[in-house]
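The values are calculated or read from the model by the stated rules, or taken from the named source; none is laboratory data. All of these numbers come straight from a predicted model, not from anything done at the bench. For neighbour counting, all protein chains shown are included, and Cβ atoms are generated from backbone atoms with ideal geometry for every residue, glycine included. What goes into the accessible areas is simple: the full protein's heavy atoms, side chains included, and nothing from ligands, DNA or RNA. Shrake-Rupley method; radii C 1.70, N 1.55, O 1.52, S 1.80 Å.
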Amino acid sequence: MIRVTGIKKSFHKNEVLKGITLHINKGEVVVIIGPSGSGKSTLLRTMNFLEIPDEGDIFIDNNQIHFDKKSKKRRNDAEICNVRTETGMVFQNFNLFPHMTVLNNVIAGPVNVRKYEKERATEIGRSFLSKVGLSEKEYSYPNELSGGQQQRVAIARALAMEPKVILFDEPTSALDPELVGEVLTVIKRLADEGMTMVIVTHEMDFAKGVGDRIVFMDDGYIMETGSPEEVFNNPKSDRLRQFLYRLT
Ligand code: ADP
Ligand code: MG
């Protein structure tokens, strides 16, 4: 479904991704864990082409996009704009459009990018709002909602584009503790329905419960990868052991 190979990315002299190779199969839920600053967000952003890698390849379905020194200027080329719509992204801070109603947030992509008729987009938008339990909020504005509700709108907005994979970057870390559960429940339900997802999270119990595979990143590398059982109960590297120890 999505495959990244040999991805490198620097910001000025700071090499943040040092050669990342990761394959995600259809229907698989991959959870990325690792210390702050290890490159998790940058990796997700390259998978959505919000950051353009310096080197490497990204395959989405069967589209291969190659990056090298000349690829900086590819950020807005048609090929990238096309494949970008195949990956949905949910951000830590929701990133809803504040001046639009909930429903208009959800249908903006289908209308403006997919070029759907407003009626058809509205039908799709309502079905996904219902899926995240927010049908009654379609005419509300984001600032009238709790953080948990806003994040569920953001999930509905990502789903409404009917992407092949959804990338979640710490979807609950901006939420008050009592609002975390409702968002994790929605994500878990999507996982159970077979949605392909990559999730960066610090919620280790959730990671264990939802992940088919856990990836541990540290210092721009994937240090370890395995089943939740392997990674949490039998970490191989000292770095992972220390990381898990510090969380307990
Ligand atoms: P994580 O999500 O694991 O905390 P990030 O991918 O956000 O890590 O960041 C990894 C490193 O890259 C950090 O040192 C961060 O300061 C740097 N970085 C991330 N984005 C940028 C950017 N747009 N410009 C400069 N440095 C960046
Ligand atoms: Mg991050």
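Assigning unit charges at the beta carbon (Lys, Arg +1; Asp, Glu -1) and nothing else, what dipole magnitude in debye, to the nearest 20, does the stretch 1-123 show about its Cα centre? Write out the running numbers ahead of the final one.
On the way: 19 positive and 14 negative charges, 84 e Å.
Its charge dipole is roughly 400 debye.
Proximity of backbone amide H atoms, modeled 1.01 Å from N, is registered between ILE32 and ILE199, VAL200, THR201, VAL215 at under 5 Å, excluding neighbours fewer than 5 places apart on the same chain.
The string of couplings for the stretch 163-175 from the Karplus curve (6.51, -1.76, 1.60, θ = phi - 60°) is x, 7, 8, 10, 9, 10, 9, 6, x, 10, 7, 9, 9 Hz, one whole number per residue in order, with x for Gly and Pro.
Annotation: extensible slack from ARG241 through HIS12 equals 79.3 nm (criterion: 0.36 nm per residue apart, minus Cα-Cα distance). Relative contact order for the chain using alpha-carbon pairs under 8 Å, separation at least 6, rounded to a whole percent? Value for the chain: 26 percent.
Restricting to DSSP loop positions (anything but H, G, I, E, B) with no more than 15 other Cβ atoms inside 10 Å of their own Cβ, which GluC sites (Glu not before Pro) remain in the stretch 95-136? Passing both the DSSP loop test and the Cβ count: GLU117. Protein heavy-atom accessible surface, 1.4 Å probe, per residue over the stretch 71-155: 53 Å². From the alpha carbon centroid of the stretch 105-123 to that of the stretch 183-248 is 34 Å. Hydrodynamic estimate: the Kirkwood radius of the stretch 197-248 over Cα pairs, inserted into Stokes-Einstein at 37 °C and 0.692 mPa s, corresponds to D of 293 µm²/s. 3J(HN,Hα) couplings calculated from phi for the stretch 200-209 with the Karplus curve 6.51 cos²θ - 1.76 cosθ + 1.60 (θ = phi - 60°) are, in sequence order, 8, 8, 9, 8, 5, 5, 5, 3, 4, x Hz; Gly and Pro show x.
In the stretch 108-170, carbon and sulfur make up what percent of the accessible area (probe 1.4 Å)? That fraction is 44 percent.
Arrange the peptides 89-97, 37-45 so that the one whose residues have, on average, the most other Cβ atoms within 10 Å appears first.
Numbers: 89-97: 18.3, 37-45: 21.4.
Most protected by this proxy first, the peptides run 37-45, 89-97.
Near GLU136, once Lys and Arg are set to +1 and Asp and Glu to -1 for all other residues with Cβ below 13 Å from its Cβ, the sum equals +1. The lysines whose alpha-carbon is closer than 26 Å to the alpha-carbon of LYS8, local same-chain residues fewer than 8 away aside, are LYS18, LYS26, LYS40, LYS69, LYS70, LYS72, LYS73, LYS164, LYS236. Only protein atoms count toward the accessible area here, which uses a 1.4 Å probe; on the stretch 1-60, the carbon and sulfur part of that area reaches 45 percent.
Sorted from largest to smallest, which semi-axis lengths in Å does the alpha carbon gyration tensor of the chain give for its equivalent ellipsoid, taking the root of 5 times each eigenvalue?
Working: eigenvalues 169, 109, 47 Å².
One finds semi-axes of 29, 23, 15 Å for the chain.
For the stretch 216-228, putting each phi into the Karplus relation 6.51 cos²θ - 1.76 cosθ + 1.60 with θ = phi - 60° gives couplings of 9, 9, 8, 6, x, 10, 7, 8, 8, 8, x, 5, x Hz, in residue order, rounded to whole numbers and with x for Gly and Pro. Rounded to two decimals, the Cα-based Rg/Rh of the stretch 117-248, with Kirkwood Rh, is 1.04.
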